[in-house]
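Here the structure comes first, spelled out in structure tokens, and everything after it is commentary.
The values are calculated or read from the model by the stated rules, or taken from the named source; none is laboratory data. Quick caveat: nothing in here was measured; it's all calculated off a predicted structure. Cβ placement follows ideal geometry from the backbone for every residue including glycine, while neighbour counts extend to all protein chains displayed. Accessible surface is based on the protein model in full, side chains and every heavy atom, while ligands, DNA and RNA are left aside. Shrake-Rupley method; radii C 1.70, N 1.55, O 1.52, S 1.80 Å.
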Amino acid sequence: MSKWLRKLPGYQTYAPGLERKVLLRLPQFTVMGILAISLPSLLARLLLSSKAERIIDILVISTEIFFLSMVLTLAIAALIIMLSKGPAYVADAYPLIESDRPAE
């Protein structure tokens, strides 16, 4: 077996929880959120003047950037939780050069 991916003996894995549900629903949530946030811009094109359209477009774009950054943050958090629930691996030991006790 490879030295790199040796599982720690006696490790405990945890059952998948909310993070899996979040990751599975995230694409649908993202698409629906983008469409919902874009709706005021589409309505402005039908009902308002060009100056109001520009202001609404700026607000919609900034809201979409904020929304996508929050979705990305949520995805990263869910991935970290999912990885932390997996098996533990043995880390490589490094010799301690500077220690409180001198070598005997």
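How many residues does the stretch 50-64 contain that are open to solvent by less than 70 Å² (accessible area, probe 1.4 Å) and either outside any helix (DSSP H, G or I) or more than 23 Å from G33 (Cβ to Cβ) (or both)? Full working, then the answer.
Step one: filter the stretch 50-64 for residues open to solvent by less than 70 Å² (accessible area, probe 1.4 Å), giving 52-53, 56-57, 60, 62-64.
In the following step, the residues that additionally are either outside any helix (DSSP H, G or I) or more than 23 Å from G33 (Cβ to Cβ) (or both) were identified as 52.
Here the count works out to 1.
Could you list, in sequence order, the residues of the stretch 26-38 that are open to solvent by 90 Å² or more (accessible area, probe 1.4 Å) and over 30 Å from L83 (Cβ atoms)? Let's see the steps before the verdict.
In the first step, residues of the stretch 26-38 are kept if they are open to solvent by 90 Å² or more (accessible area, probe 1.4 Å); the result is 28-29, 32, 35.
The answer is L35, and nothing else.
Would you mind finding the one in L42, L23 that is part of a helix (DSSP H, G or I), open to solvent by 60 Å² or more (accessible area, probe 1.4 Å) and at pLDDT below 95? Even if it seems obvious, please write down each step before you answer.
Working: L23 fails: open to solvent by 60 Å² or more (accessible area, probe 1.4 Å).
The match here is L42.
Just the residues that are under 13 Å from A78 (Cβ atoms) and surrounded by fewer than 11 Cβ atoms within 10 Å (Cβ to Cβ), please, taken from the stretch 5-20. Reasoning before the result, please.
Here is the first cut: in the stretch 5-20, the residues under 13 Å from A78 (Cβ atoms) are 16-20.
Correct list: L18 only.
Going through the stretch 65-79 one residue at a time, which ones are at pLDDT below 95 and surrounded by fewer than 11 Cβ atoms within 10 Å (Cβ to Cβ)?
none
I'd like to check something: does the stretch 46-59 contain any residue that is modelled with pLDDT under 90, in contact with a helix residue (DSSP H, G or I) (Cβ under 8 Å, 6 or more places away or on another chain) and over 30 Å from A91 (Cβ atoms)?
Yes.
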